[in-house]
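Inspection log for the structure reproduced underneath, given as structure tokens.
What follows is calculated from the coordinates using simple rules that are stated; it is not laboratory data. Predicted, not measured: the structure shown is a model, and the values here were computed from it. Glycine also receives a Cβ, built like all others from the backbone with ideal geometry; neighbour counts cover every protein chain displayed.
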Amino acid sequence: MAHPSQLGFQDAASPIMEELLHFHDHALMIVLLISTLVLYIIIAMVSTKLVNLYILDSQEIEVIWTVLPAVILILIALPSLRILYLMDEINDPHLTVKAIGHQWYWSYEYTDYQDLGFDSYMIPTQDLTPGQFRLLDTDHRMVVPVESPVRVLVTAEDVLHSWAVPALGVKMDAVPGRLNQTAFIASRPGVFYGQCSEICGANHSFMPIVVEAVPLQHFESWSSMLLEDA
């Protein structure tokens, strides 16, 4: 959960998000080192009054400033490519949930169960109870078992939406007439908040996403209760 004036990412709640945080730190360190070197060169060039009139070219320097950037780009590209393939890996999911974007709410269908689905609306400010978050909490949460691979099929009924939960490292476009898929593993129990991340109309800001990760036995009890009420 983000807090006011937070500058960094939310705490990772999935292996993919942990990989993304490590890659962010890796890339940021490279950028800081390059920026420091460039700043030093600029200051040195501006502050010195010495001029060498006899240096017309330097093969060594040209080789260095050609090879070094190529090596740096490779050091950034390889970890990024690895994470990209990891995000596309969906092997033997234990649960499949279909998330459908509407103007302006989400609906969820648990495809492994018969008649297990619901709509998820934002709770109006006047109806919030103590401990609930304004513009973030919903009347029904998407409940998933912790430490289990979950596949999410994402689509939309009307216009473009985007299903995004930062703590889980998940963001997938919801396109009408198209079924996209993504996956995640919640590494710890908790409640994780997200929002539609694609401008979708007047109430775009009011269709939050809440994913609750619970132990498997609690998930089975929750699903059984919903099936009995259906």
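When all C-alpha to C-alpha distances in the chain are sorted into bins of 10 Å, what percent of pairs does each bin hold, rounded to whole numbers?
7, 25, 28, 16, 10, 8, 5, 1, 0
What angle do you read, to the nearest 10 degrees and between 0 and 90, between the alpha-carbon axis of helix 59-88 and the longest principal axis of the chain?
10 degrees
Can you put His22, His140 in order of Cβ neighbours within 10 angstrom, beginning with the fewest?
Details: His22 13, His140 16.
Ordered from fewest to most neighbouring Cβ atoms within 10 Å, His22, His140 come out as His22, His140.
Which loop-located chymotrypsin sites (Phe, Trp or Tyr not before Pro) does the range 1-62 contain, where loop means any DSSP state but H, G, I, E or B and the Cβ has at most 10 other Cβ atoms within 10 Å?
Of the chymotrypsin sites (Phe, Trp or Tyr not before Pro), the ones in loops of the range 1-62 whose Cβ has at most 10 other Cβ atoms within 10 Å are Tyr54.
Skipping prolines and chain starts, which residues have an amide H placed within reach, meaning under 5 Å, of the one on Ala183, given they are 5 or more residues away or on another chain?
Hits under the 5 Å cutoff: Val152.
Around Ala156, which amide H atoms from residues at least 5 apart in sequence, or from another chain, sit under 5 Å from its own amide H, with H modelled in the peptide plane?
Result for Ala156 returns Gly101, Val175, Gly177, Arg178.
Please list, by residue number, every one of the GluC sites (Glu not before Pro) in the range 143-230 that is coil in DSSP and has at most 12 other beta-carbon atoms within 10 Å.
Details: sites: Glu147, Glu157, Glu198, Glu212, Glu220, Glu228; in loops: Glu147, Glu157, Glu198.
Sparse-neighbourhood loop GluC sites (Glu not before Pro): none present.
Where does helix 15-47 land angle-wise versus the long Cα axis of the chain, in degrees 0 to 90, nearest 10?
That works out to roughly 30 degrees.
With just the Cα atoms defining each centre, how far is the range 89-167 from the range 21-75? Give it in Å.
Cα centroid of the range 89-167 versus Cα centroid of the range 21-75: 47 Å apart.
Taking amide H atoms as placed 1.01 Å from N in the peptide plane, list the residues 5 or more away in sequence, or in a different chain, whose amide H sits under 5 Å from that of Ser148.
Amide H neighbours of Ser148: Ala186.
Consider all pairwise Cα distances in the range 95-229 and report the whole-number % of them above 24 Å. Mind showing how you got there, number by number?
Values: 2241 of 9045 pairs.
For the range 95-229, the fraction of Cα-Cα distances above 24 Å is 25 percent.
Suppose we keep just the alpha-carbon trace of the range 170-230; what are its Rg and Dmax in angstrom?
In Å, with Rg to one decimal and Dmax whole: 14.9, 40.
Given the chain, what percent of its DSSP beta bridges are antiparallel, to the nearest 5?
Working: 30 of 42 bridges.
Just about 70 percent of them are antiparallel.
Label points 7 Å out from Cα along the Cβ direction at Ile199 and Asp115: separation in nm?
So the label points at Ile199 and Asp115 sit 4.3 nm apart.
Take every DSSP beta bridge with both residues inside the range 119-194 and express the antiparallel ones as a percent of the total, to the nearest 5.
Numbers: 12 of 13 bridges.
Bridges in the range 119-194 are about 90 percent antiparallel.
Which ³J(HN,Hα) values in Hz, rounded to whole numbers, follow from the phi angles of the range 138-152 under the Karplus curve 6.51 cos²θ - 1.76 cosθ + 1.60, where θ = phi - 60° and Gly and Pro get x?
10, 6, 10, 9, 7, 9, 9, x, 6, 6, 10, x, 10, 9, 10
Determine the calculated [θ] at 222 nm for the chain from helices alone, applying -39500 (n - 2.57) to every DSSP H run no shorter than 4 residues and normalising by the residue count; nearest 500 deg cm²/dmol.
Details: 3 runs with 77 residues, N = 230.
Rounded to the nearest 500, it is -12000 deg cm²/dmol.
What ranking do Val159, Val143 get, fewest neighbouring Cβ atoms within 10 angstrom at the top? Spell out each step's value before the answer.
On the way: Val159 17, Val143 20.
Ascending Cβ contact count within 10 Å gives the list Val159, Val143.
Two decimals is fine: what is log10 I(q)/I(0) at q = 0.10, 0.13, 0.17, 0.22 Å⁻¹ for the range 1-131, from a Debye sum with one equal scatterer on every Cα and no solvent?
Relative scattering, expressed as log10 I(q)/I(0), comes to -0.68, -0.91, -1.19, -1.35.
Counting other C-beta atoms within 10 Å, which of Ser205, Ser120 has the fewest, and how do the rest follow?
On the way: Ser205 13, Ser120 19.
If I rank by nearby Cβ atoms, fewest first, I get Ser205, Ser120.
Can you give the Kirkwood hydrodynamic radius for the range 15-88, in Å, rounded to one decimal and based on Cα pairs?
Working: mean 1/r = 0.0656 Å⁻¹.
15.2 Å is the Kirkwood radius here.
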